[in-house]
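Derivation of every value follows stated rules applied to the coordinates shown; laboratory data play no part. Predicted, not measured: the structure shown is a model, and the values here were computed from it. All Cβ positions, glycine included, derive from the backbone under ideal geometry; neighbour counts span all protein chains shown.
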Amino acid sequence: MTDPHATASTEGIRLSKRVADILKCSRAEAEQVIVGGWVKVNNLVVDEPAHRVKDEQIDIHSTAQRGKVPLLTVILHKTPGQSCLSQSHNNIWKSLTPKTRSHQDRSGITLTPRLQKSLQCAAALEDAATGLVVLTEDPAMLRKLLDERTPLEHEMLAEVQGPVSPDQLHDMCPTGLKTSISSAAPEKTGLRMAFKGYQPGYAAGVIENTGLRLTGLKRVRMGRVVMAPLAPGEWRALMPYERF
């Protein structure tokens with residue numbers, strides 16, 4: 001008969017058990033720490049709770065205190081052509097790479113493939129638009145950002161072809177929308193628009209209903225979170241103290 005203790009000694013124990021012992025937390029909390037990319041085994045990040053360990057060196061990031069770690073929310077400066085619409089947003093996480101990570105990111109988190117795939121787009125933009133996009137693994141954050149009963153303010157910069165008349169500017173200010181001219185030239189006009197909640201296509205509809213042609217659109221703010229200073233294509237994790 002095989003001695004189960006001898007087998008465990010030979011194969012090692014689950015990483016989640018080792019982390020739970022170190023942090024004095026539950027196995028479920030330990031698994032969250034591991035999947036979140038906060039654990040290194042012999043200086044390599046391991047995000048698989050079932051990974052077997054014996055005498056390897058286990059390092060746990062200081063952020064993971066007592067097994068409690070914040071769920072990840074990321075902001076991305078979307079570039080033209082990147083799709084985050086519902087039918088394809090599951091692929092936008094592929095643009096979150098170490099190379100495109102902003103030097104402003106101070107979270108210390110390791111974005112593992114498992115963690116990347118758990119992110120959902122909480123505020124989509126048109127494929128041709130650029131600017132602030134939010135990706136999160138936090139169900140509460142997702143509900144908050146998508147809740148139409150308490151919509152966040154979305155600040156957008158739009159560019160239209162040609163001049164904008166006072167009547168056209170007035171027509172672009174229906175209930176829940178504030179619009180002002182930010183720059184003007186004979187060939188193009190810059191607009192600053194603030195929406196209560198936003199659905200892809202809404203800005204284009206408002207602008208084109210006045211007879212103007214939209215040539216560029218960028219979201220620069222959602223609630224209290226601004227995109228600056230992220231360069232196009234860059235991303236960073238939100239810190240726990242940042243609120244929309």
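Brief remarks follow.
- Calculated FRET value between D127 and A50, using beta carbons and R₀ = 35 Å, to 0.05: 0.35
- Virtual spin-label span in nm between S180 and T210, 7 Å along Cα→Cβ: 1.5 nm
- The range 4-60 - Debye-derived log10 I(q)/I(0), Cα point model, q = 0.17, 0.29 Å⁻¹: -0.47, -1.19
- Computed [θ] at 222 nm, helices only, for the chain once each DSSP H run of length n ≥ 4 contributes -39500 (n - 2.57): -5500 deg cm²/dmol
- Counting only aspartates and glutamates at least 8 places from K78 when in the same chain, those with an alpha carbon closer than 19 Å to its own are D105, E126, D127, E137, E153, E155, E159, E234.
- Across all Cα atoms of the range 153-222, the radius of gyration (one decimal) and Dmax (whole number) stand at 10.8, 31 Å.
- In the chain, Cα pairs under 8 Å separated by at least six residues give a relative contact order of 21 percent.
- Part-to-part distance (alpha-carbon centres) for the range 74-148 and the range 183-214, which is given in Å: 24 Å
- Sequence-distant lysines (8 or more away, or on other chains) whose Cα lies within less than 21 Å of K178: K188, K196, K218
- Lysines with Cα under 24 Å of K54, excluding same-chain neighbours fewer than 8 positions away: K17, K24, K40
- Extreme residue, positive dipole direction of the chain, given options P113, G162, T130 (C-beta unit charges): P113
- Chain lengthening between Q199 and H170 when straightened (0.36 nm per residue, less Cα-Cα): 8.3 nm
- Normalised per residue, the volume of the convex hull around the Cα set of the chain (Å³): 144 Å³
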